[in-house]
1. Restricting to strands (runs of 3 or more DSSP E) lying wholly in the range 53-113: which have 3 or more residues that are out of contact with any strand residue (DSSP E or B) (no Cβ under 8 Å at 6 or more places or on another chain) and touching a residue at least 12 places away in the same chain (Cβ under 8 Å)?
2. So, of the residues in the range 41-66 that are within 15 Å of residue 96 (Cβ to Cβ) and within 10 Å of the ligand (Cβ to nearest atom), which turns out to be nearest to the chain's Cα centre (by Cα)?
3. Filter the range 67-90 down to residues that are closer than 17 Å to residue 48 by Cβ and under 17 Å from the mean Cα position of the chain (by Cα) and give me whichever is farthest from the ligand (Cβ to nearest atom).
4. Could you check how many residues of the range 23-40 are at pLDDT 85 or above and more than 16 Å from the ligand (Cβ to nearest atom)?
Ligand SMILES: [Cu+2]
C-alpha cells in the first residue's frame, strides 16, 4: 500500500523538485545594494537598469548620509550603523553622490537601459 503510494507520488515529487530548481535559477528581483564600509561606498560606481531601487546599507560603525550632488535628486537622513536608505532610479543618467558628513566619500549610480 505504502509502496504503491510512493510509486504514484514519485513523478509529482520529481516535478516539484524540477520547479523549485527552475525558481532558484530565475533572475533576482529588481534591486541593487551599495554597502558603506570603512568610509567607502561599495561599489563606488554601480550600473543599474531604469526602475531599479538602490538600497544603501551603512555597514560602518559611524553615521553617514547619501546626498545627490545636486542635493535634490535624493538625500537621506543621517544613517546610523545598520540603517538603510532606498531610492528608485526611474530616469537614465549618471547620478553622483557623496556623504555630507564626510564629503570625501563619493559614489555614482549609472542608470542605463540594457
Ligand atoms: Cu560619511
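The values are calculated or read from the model by the stated rules, or taken from the named source; none is laboratory data. For clarity, every value in this text was computed on a predicted model and none was experimentally measured. For neighbour counting, all protein chains shown are included, and Cβ atoms are generated from backbone atoms with ideal geometry for every residue, glycine included.
1. Ranges flagged: none.
2. Looking at the filtered set, the residue picked out is 41.
3. Only one residue fits best here, namely 90.
4. 3
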